[in-house]
Ligand SMILES: Cc1ncc(COP(=O)(O)O)c(C=O)c1O
């Protein structure tokens with residue numbers, strides 16, 4: 001019986017998960033392996049060693065169902081974990097829907113998003129291996145600020161290549177990274193061969209996550225081992241670290257006396273969706289449940305709904321391993337929408353595989369529709385969502401309205417992956433009617449397909 005009185009479901013610190021959940025243990029078939037960009041053979045741990053510490057490389061390929069969270073990481077997690085699960089009672093009322101809406105709120109981490117859940121273990125494992133410096137990319141700055149914070153905790157220097165468009169749109173995330181001691185560059189830069197090659201062809205280039213990844217990977221690869229690379233999404237170990245979200249939510253839904261019919265998340269590289277959904281997907285696969293999983297993405301960067309499922313590079317220049325994923329093409333330059341964290345050409349191989357297998361559905365939304373949902377949510381629940389998370393809210397509201405039309409009690413659970421208090425310029429643009437709705441053209445996807453790497 002669903003609880004009729006409470007609004008939030010809190011777990012005690014002692015009830016925080018002690019291990020991450022690895023969905024690879026429950027998949028009927030593993031995703032295709034990543035391939036070396038030159039030889040096109042499956043990558044080996046030795047190939048990845050210049051970029052990542054060995055523990056993370058082993059997590060990337062592990063098939064163990066649970067991987068223990070080191071005590072120093074748990075200690076830091078305890079500052080904001082377990083995060084609350086809320087029942088959106090006032091939003092339900094505003095929508096006049098029979099649906100019951102729950103959300104897991106990751107904006108309670110110090111930097112305001114789920115990205116800290118993986119930044120902390122990544123910095124920890126690097127410190128354990130004696131790494132002095134980490135280099136990374138960031139879109140809206142959520143990931144860069146989480147890693148800069150984690151670097152400050154573990155005494156590691158952090159250098160961030162921030163997509164130039166976001167560097168200009170979101171100056172306070174840049175200040176946040178600098179507050180934690182991080183060094184921030186507007187990418188593309190003239191500091192790397194990758195950046196220079198882009199600027200030579202297009203001096204006004206406003207950057208993309210793919211270009212920023214190329215710059216960061218180049219710095220790490222040429223450092224002779226002193227600097228490693230950290231990625232904020234896409235890879236198996238990043239998604240693994242986020243599964244604390246869903247494991248907590250499973251128990252909190254039990255406290256609420258309910259179980260979701262639909263689990264919803266926005267997707268950029270796939271990590272917050274995976275974090276919430278994977279523990280529920282594992283349960284659905286093991287118990288044969290009919291739970292639906294819905295990934296919400298921008299119409300301007302529709303990797304799952306318009307992309308092709310194929311091997312492609314994770315970056316623009318072609319330095320990363322080839323991953324089998326839904327992609328818009330590695331040279332995709334996204335339109336300048338405000339959800340900087342969703343402007344990525346590819347998608348996590350795990351989320352891609354689950355989408356290809358029909359486990360995860362996907363839906364694309366225009367940014368004005370996402371902002372209108374965000375404003376409706378903020379007025380009912382009092383939390384201003386990050387523009388990225390607003391896509392999940394749009395999906396949730398649409399589901400709740402469909403449930404109303406069908407006269408059906410649907411239980412919805414979404415991931416509120418971050419707050420938008422440093423994204424108010426985006427809200428200003430929305431209120432001023434300045435946001436454009438882009439639809440990424442099908443011809444551009446077809447054209448990009450011609451340039452995908454050939455695997456024989
Ligand atoms: C708040 C927030 N939500 C979602 C995302 C999208 O990333 P992912 O799909 O890895 O969760 C980002 C990325 O920067 C983000 O900052």
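Across region 76-110, the number of residues qualifying as within 16 Å of residue 9 (Cα to Cα), out of contact with any helix residue (DSSP H, G or I) (no Cβ under 6 Å at 6 or more places or on another chain) and away from the ligand (no atom under 16 Å from the Cβ) comes to 7.
For region 190-215, enumerate the residues that are under 22 Å from residue 346 (Cα atoms) and surrounded by fewer than 22 Cβ atoms within 10 Å (Cβ to Cβ).
Our first condition is that a residue be under 22 Å from residue 346 (Cα atoms); within region 190-215, this holds for 194-195, 197-198, 205-215.
The answer is 197, 205, 206.
Considering the conditions (1) free of Cβ contacts under 8 Å to residues at least 60 places away in the same chain; (2) within 16 Å of the ligand (Cβ to nearest atom), residue 289 is excluded by exactly one of them, (2).
Look at region 263-286: where a residue is surrounded by 24 or more Cβ atoms within 10 Å (Cβ to Cβ) and a partner is at pLDDT below 95, sitting 6+ places away or on another chain with Cβ atoms under 7 Å, you get 266/342; 268/341; 268/342; 268/344; 269/344.
Would you mention how many residues in region 192-230 are in contact with a helix residue (DSSP H, G or I) (Cβ under 7 Å, 6 or more places away or on another chain) and in a loop (DSSP other than H, G, I, E, B)? Total satisfying the criteria: 5.
Considering only residues in region 238-277 that are in contact with a strand residue (DSSP E or B) (Cβ under 6 Å, 6 or more places away or on another chain) and part of a loop (DSSP other than H, G, I, E, B), the one that is nearest to the ligand (Cβ to nearest atom) turns out to be 267.
Determine whether residue 55 is within 22 Å of residue 123 (Cα to Cα) and modelled with pLDDT of 95 or more. Break it down stepwise before answering.
Values: within 22 Å of residue 123 (Cα to Cα): yes; modelled with pLDDT of 95 or more: yes.
When the stated conditions are applied, residue 55 passes them.
What residue, of 350, 421, 412, 435, is buried (at least 17 other Cβ atoms within 10 Å of the Cβ), outside any helix (DSSP H, G or I), in contact (Cβ under 8 Å) with a residue 40 or more places away in the chain and out of contact with any strand residue (DSSP E or B) (no Cβ under 7 Å at 6 or more places or on another chain)? Show your work before the answer.
On the way: 350 fails: outside any helix (DSSP H, G or I); 421 fails: buried (at least 17 other Cβ atoms within 10 Å of the Cβ); 412 fails: out of contact with any strand residue (DSSP E or B) (no Cβ under 7 Å at 6 or more places or on another chain).
That would be 435, the only listed residue that is buried (at least 17 other Cβ atoms within 10 Å of the Cβ), outside any helix (DSSP H, G or I), in contact (Cβ under 8 Å) with a residue 40 or more places away in the chain and out of contact with any strand residue (DSSP E or B) (no Cβ under 7 Å at 6 or more places or on another chain).
Per-residue answers, yes or no, for (1) at pLDDT below 95; (2) more than 14 Å from the ligand (Cβ to nearest atom); (3) surrounded by fewer than 24 Cβ atoms within 10 Å (Cβ to Cβ); (4) part of a loop (DSSP other than H, G, I, E, B):
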| site | (1), (2), (3), (4) |
| --- | --- |
| 346 | no, no, no, yes |
| 368 | no, yes, yes, no |
| 374 | no, no, no, no |
| 383 | no, no, yes, yes |
| 394 | no, no, no, no |
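Test residue 121 against the stated conditions and say whether it is under 19 Å from residue 21 (Cβ atoms) and either more than 11 Å from the ligand (Cβ to nearest atom) or modelled with pLDDT under 95 (or both). So residue 121 passes the test.
Table: residues versus (1) within 17 Å of the chain's Cα centre (by Cα); (2) modelled with pLDDT of 95 or more; (3) within 14 Å of the ligand (Cβ to nearest atom).
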{"site": "139", "(1), (2), (3)": "yes, no, yes"}
{"site": "144", "(1), (2), (3)": "yes, yes, yes"}
{"site": "147", "(1), (2), (3)": "yes, yes, yes"}
{"site": "154", "(1), (2), (3)": "no, yes, no"}
{"site": "162", "(1), (2), (3)": "yes, yes, yes"}
{"site": "169", "(1), (2), (3)": "no, no, yes"}
{"site": "179", "(1), (2), (3)": "no, yes, no"}
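Would you confirm whether any residue within region 396-408 is within 16 Å of the ligand (Cβ to nearest atom), touching a residue at least 24 places away in the same chain (Cβ under 8 Å) and either more than 22 Å from the chain's Cα centre (by Cα) or surrounded by fewer than 19 Cβ atoms within 10 Å (Cβ to Cβ) (or both)? Within region 396-408 (the criterion being within 16 Å of the ligand (Cβ to nearest atom), touching a residue at least 24 places away in the same chain (Cβ under 8 Å) and either more than 22 Å from the chain's Cα centre (by Cα) or surrounded by fewer than 19 Cβ atoms within 10 Å (Cβ to Cβ) (or both)), the answer is no, since none of the residues qualifies. The residues of region 181-191 that are under 21 Å from residue 268 (Cα atoms), away from the ligand (no atom under 16 Å from the Cβ) and assigned to a strand (DSSP E or B) amount to a single one, 186. Among the residues making up region 300-330, those that are over 14 Å from residue 440 (Cα atoms) and not in a strand (DSSP E or B) are 314, 315, 316, 317, 318, 319, 320, 321, 330.
The values are calculated or read from the model by the stated rules, or taken from the named source; none is laboratory data. Quick caveat, the model's predicted, so the values are computed rather than measured. No Cβ is skipped: glycine too gets one built from the backbone with ideal geometry, and neighbour counts run over all protein chains shown.
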